[in-house]
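Q: Quick one: the structure is below, questions incoming.
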Amino acid sequence: MSDAAMTKQAGMDVAIQIIGMHKWYGDFHVLKDINLTVERGERIVVCGPSGSGKSTMIRCINRLEEHQQGQIIVDGIELTNDVKKIDEIRREVGMVFQHFNLFPHLTVLKNCTLAPIWVRKTPKKEAEATAMKFLERVKIPEQAMKYPGQLSGGQQQRVAIARSLCMNPRIMLFDEPTSALDPEMISEVLDTMISLAEEGMTMICVTHEMGFAKTVADRVIFMDAGEIIEQAPPAEFFENPQSDRTKLFLSQILHNA
Amino acid sequence: MAIVKTERHPDLPPPTSQTGVIGWMRENLFSSPLNIVLTLVAGYVSWVALSSLISYAFIDANFAGTTREDCTGSGACWVFIKMRFGQIMYGFYPEEERWRVDVGYVLVAIGLFFVLSDVVKDKKWPAIYLFGFVPVACYILFSGGYFGLEHVETAQWGGLFLTLVLASVSIFVSLPLGIVLALGRRSSMPVVRMICVGFIEFVRGVPLITVLFMASVMLPLFLPEGVNFDKLVRALVGMSLFASAYMAEVVRGGLQAIPKGQMEAAKSLGLGYWQAMGFIILPQALKISIPSIVNTFIGLFKDTTLVLIIGLLDLLSIVKSGTTDKEWIGMAQEGYIFVAAVFFVFCFGMSRYSIWLENKLHTGHKR
């Protein structure tokens with residue numbers, strides 16, 4: 001608890017704090033004693049073998065998954081069963097999914113304006129202007145009137161990023177944003193994410209793109225079997241991994257790269 | 001050796017044997033000796049059947065005259081339908097009041113046109129008109145008792161008019177109620193879920209005839225003395241609840257087909273449960289359920305004929321009772337063909353509309 005007290009004093013600089021968090025799926029212990037503090041403006045890359053609980057962990061941050069023990073404090077608000085607090089946190093935390101999850105029955109523009117209009121009560125005109133601004137930032141304003149099904153994977157993922165940004169989130173979560181993309185489309189999505197990082201967005205990104213981790217991350221977190229095994233700045237993490245599991249993982253993925 | 005193309009190959013049209021009428025016929029009708037034989041046999045059979053039907057119903061049929069003695073031709077005697085047309089359309093609704101039914105039809109038709117067609121983009125006002133104003137206006141028009149309109153007992157309602165009232169009320173009630181039941185069945189609240197599952201399984205477990213019997217015969221036994229609902233209202237409640245249970249299962253199928261990611265994306269944007277359902281999940285779920293929803297509607301439309309057994313005179317029963325009239329004995333064939341044709345027109349219309357709607361709502365994400 002002394003950790004929590006300290007961060008309260010540190011005040012506004014902490015964006016996310018996870019303290020002693022555990023999660024089970026039925027009898028299966030997926031997340032074990034997760035402790036993580038993310039400062040405002042920090043860019044964190046989470047990596048690890050599949051099934052290690054990376055996605056589950058970041059999905060706990062906006063309550064798409066429920067944790068059973070420990071504390072998650074986002075933006076000073078503790079996640080509990082209180083629906084109002086959950087909604088409050090979800091408004092501030094954007095999320096980008098592996099499979100984009102765009103709304104296929106709405107145009108790109110409506111995908112981007114729906115939540116601002118109905119959740120933030122932004123006037124329609126203003127929401128559309130904001131949406132166009134972000135669609136320009138992800139370099140696809142000309143697709144605004146199309147439906148998601150008419151776009152390529154890379155374009156869809158960029159729309160998904162724009163859609164999240166339209167809510168003006170203070171924190172962005174990326175759940176393997178490039179894993180479902182064809183190789184030639186990965187860089188366009190990564191470029192968007194890099195430019196976002198350069199603007200100082202607080203980001204937690206689950207990814208296997210080690211190049212991205214090296215260029216952008218302030219810290220790399222390695223997870224295995226539901227635990228955070230190691231965390232270090234990228235240079236140190238890649239040059240001088242401490243644990244055997246990290247070494248094994250790095251040798252496996254860098255061998256292919 | 002390396003092959004390097006220096007110029008791009010232009011796009012060419014496909015060979016003519018693959019396209020157009022000839023290509024289609026070659027592929028679908030005459031692709032093998034067996035297919036050629038089958039095509040010829042099927043063609044012959046349908047020509048025989050159709051030509052005799054056409055000569056019976058049109059060429060040799062009798063249209064002129066007022067009694068069965070006027071039917072001298074060998075074909076159908078449509079004079080029967082013509083003479084009883086008023087009754088077939090309106091039942092025993094007083095003749096001088098039938099304009100009220102027609103006005104109701106026009107009101108509904110205007111509403112349906114604007115809600116279902118593509119003419120207006122914003123469906124807010126047409127929907128308010130059709131689902132808010134029209135039901136009240138039709139109730140006042142049909143039943144009377146207000147604004148100097150003479151009260152017409154529902155016992156006098158009949159024919160196609162009654163069929164349409166039964167079908168449209170149960171359709172309009174069953175869709176929203178079915179959606180609510182389907183959402184309830186997937187709810188995380190155990191009590192809500194149990195109530196919905198219980199209702200759906202109970203209603204689906206009994207035949208519609210039983211429900212109608214219950215509504216018309218049993219219900220009055222349970223109600224206190226003096227409390228009595230109109231027989232038509234009881235039939236309407238029975239049919240609507242019955243149809244809702246089926247609709248709930250259809251909608252549930254649609255809901256289950258929507259990937260979990262859609263709800264997650266909606267939640268992660270901060271949308272609440274009802275917003276996510278209303279804007280994201282239901283529009284997609286209902287869209288993919290259109291064929292099954294319309295299928296249920298069509299089934300329901302035809303099931304309205306079962307009200308015959310509780311003594312309501314819908315289109316089928318009024319024609320049937322017409323054929324027992326001693327003036328017109330032996331006219332059952334004409335009567336039933338006419339009823340079948342009327343039902344076909346409505347059901348086929350619904351079917352075509354659903355296909356048009358599916359195409360319109362297609363946004364290119366499903367191949």
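Q: I need the full set of residues from segment A:27-63 which are in a loop (DSSP other than H, G, I, E, B) and more than 14 Å from chain B (Cβ to nearest Cβ), in order please.
A: Of everything in segment A:27-63, those that are in a loop (DSSP other than H, G, I, E, B) and more than 14 Å from chain B (Cβ to nearest Cβ) turn out to be A:D27, A:R40, A:G41, A:E42, A:G48, A:P49, A:S50, A:G51, A:S52, A:G53.
Q: Moving to a separate point now. I'm trying to understand the selection: among the residues of segment A:178-200, which are hydrophobic (A, V, I, L, M, F, W, C) and within 15 Å of A:I44 (Cα to Cα)?
A: Listed by number, the residues that qualify are A:L190, A:M193, A:I194, A:L196, A:A197.
Q: Of all residues in segment A:35-78, which are over 26 Å from A:L196 (Cα atoms), in contact with a His (Cβ under 9 Å, 6 or more places away or on another chain) and surrounded by 15 or more Cβ atoms within 10 Å (Cβ to Cβ)?
A: A:H67, A:G70
Q: Answer yes or no as to whether A:L114 is within 14 Å of another protein chain (Cβ to nearest Cβ), buried (at least 22 other Cβ atoms within 10 Å of the Cβ) and assigned to a helix (DSSP H, G or I).
A: For A:L114, the condition - within 14 Å of another protein chain (Cβ to nearest Cβ), buried (at least 22 other Cβ atoms within 10 Å of the Cβ) and assigned to a helix (DSSP H, G or I) - is met.
Q: Okay, moving on. Considering only segment A:133-150, how many residues are within 14 Å of another protein chain (Cβ to nearest Cβ) and either outside any loop (DSSP other than H, G, I, E, B) or buried (at least 20 other Cβ atoms within 10 Å of the Cβ) (or both)?
A: 6
Q: In segment B:129-205, which helices (runs of 4 or more DSSP H) lie fully inside it and hold 3 or more residues that are touching a strand residue (DSSP E or B) at 6+ places or on another chain (Cβ under 8 Å) and not aromatic (F, W, Y)?
A: Helices (runs of 4 or more DSSP H) meeting the threshold: B:159-185.
Q: Identify, from the list B:E264, B:E249, the residue that is touching a residue at least 60 places away in the same chain (Cβ under 8 Å), assigned to a helix (DSSP H, G or I), of a type in the set (D, E) and over 20 Å from B:I310 (Cβ atoms).
A: Step by step, each of B:E264, B:E249 is checked, and only B:E249 is touching a residue at least 60 places away in the same chain (Cβ under 8 Å), assigned to a helix (DSSP H, G or I), of a type in the set (D, E) and over 20 Å from B:I310 (Cβ atoms).
Q: Then there's this: Taking A:V206, is it touching a Lys or Arg at 6+ places or on another chain (Cβ under 8 Å), more than 15 Å from A:V46 (Cα to Cα) and buried (at least 21 other Cβ atoms within 10 Å of the Cβ)?
A: no
Q: Pull up segment A:89-108, narrow it to residues that are part of a loop (DSSP other than H, G, I, E, B) and not polar (S, T, N, Q), then point me to the one that is nearest to the other protein chains (Cβ to nearest Cβ).
A: Only one residue fits best here, namely A:P104.
Q: Residues B:L312, B:L300, B:L306, B:L316: which one is away from chain A (no Cβ under 14 Å), of a type in the set (A, V, I, L, M, F, W, C) and in a loop (DSSP other than H, G, I, E, B)?
A: Matching residue, one of B:L312, B:L300, B:L306, B:L316: B:L312.
Q: Residue by residue through segment B:267-305, note down the ones that are free of Cβ contacts under 8 Å to residues at least 40 places away in the same chain and among the aromatic types (F, W, Y).
A: Listed by number, the residues that qualify are B:Y273, B:W274, B:F279.
Q: Among the residues of segment B:276-296 satisfying the criterion of being polar (S, T, N, Q) and surrounded by 17 or more Cβ atoms within 10 Å (Cβ to Cβ), which is nearest to the other protein chains (Cβ to nearest Cβ)?
A: Looking at residues that are polar (S, T, N, Q) and surrounded by 17 or more Cβ atoms within 10 Å (Cβ to Cβ), I get B:Q284.
Q: Sort through A:F222, A:F174, A:F249, A:F237 and tell me the only one that's in contact with a strand residue (DSSP E or B) (Cβ under 8 Å, 6 or more places away or on another chain), within 30 Å of A:L135 (Cα to Cα) and of a type in the set (F, W, Y).
A: Exactly one residue qualifies, and that residue is A:F174.
Q: Residue by residue through segment A:80-105, note down the ones that are aliphatic (A, V, I, L, M), more than 24 Å from A:K54 (Cβ to Cβ) and surrounded by 21 or more Cβ atoms within 10 Å (Cβ to Cβ).
A: none
Q: For B:L271, all conditions in the list (1) at pLDDT 90 or above; (2) more than 14 Å from chain A (Cβ to nearest Cβ) hold save one; what is the number of the exception?
A: Only one criterion is unmet by B:L271, namely (2).
Q: I would also like to ask the following. Identify all residues within segment A:160-191 that are away from chain B (no Cβ under 14 Å), surrounded by fewer than 22 Cβ atoms within 10 Å (Cβ to Cβ) and of a type in the set (S, T, Y); write none if there are none.
A: Of everything in segment A:160-191, just one residue is away from chain B (no Cβ under 14 Å), surrounded by fewer than 22 Cβ atoms within 10 Å (Cβ to Cβ) and of a type in the set (S, T, Y), namely A:S187.
Q: Also, I was wondering about something else. Residues in segment A:67-88: is at least one part of a helix (DSSP H, G or I) and more than 11 Å from chain B (Cβ to nearest Cβ)?
A: Scanning segment A:67-88, I find at least one residue that is part of a helix (DSSP H, G or I) and more than 11 Å from chain B (Cβ to nearest Cβ), so the answer is yes.
Q: Could you please find all residues in segment B:333-354 being touching a residue at least 12 places away in the same chain (Cβ under 8 Å) and β-branched (V, I, T)?
A: B:I337, B:V339, B:V342
Q: Of the conditions (1) surrounded by fewer than 19 Cβ atoms within 10 Å (Cβ to Cβ); (2) in contact (Cβ under 8 Å) with a residue 12 or more places away in the chain, B:P259 fails just one. Which one is it?
A: In the conditions (1) surrounded by fewer than 19 Cβ atoms within 10 Å (Cβ to Cβ); (2) in contact (Cβ under 8 Å) with a residue 12 or more places away in the chain, B:P259 misses (2) alone.
Q: Among what's in segment A:120-132 and is buried (at least 18 other Cβ atoms within 10 Å of the Cβ) and of a type in the set (A, V, I, L, M, F, W, C), pick the residue that is farthest from A:G41 (Cα to Cα).
A: A:A127
The values are calculated or read from the model by the stated rules, or taken from the named source; none is laboratory data. What you see is a predicted model; the values in this text were computed from it and never measured. Note: ideal-geometry Cβ built from the backbone for every residue, glycine included; neighbour counts use all protein chains shown.
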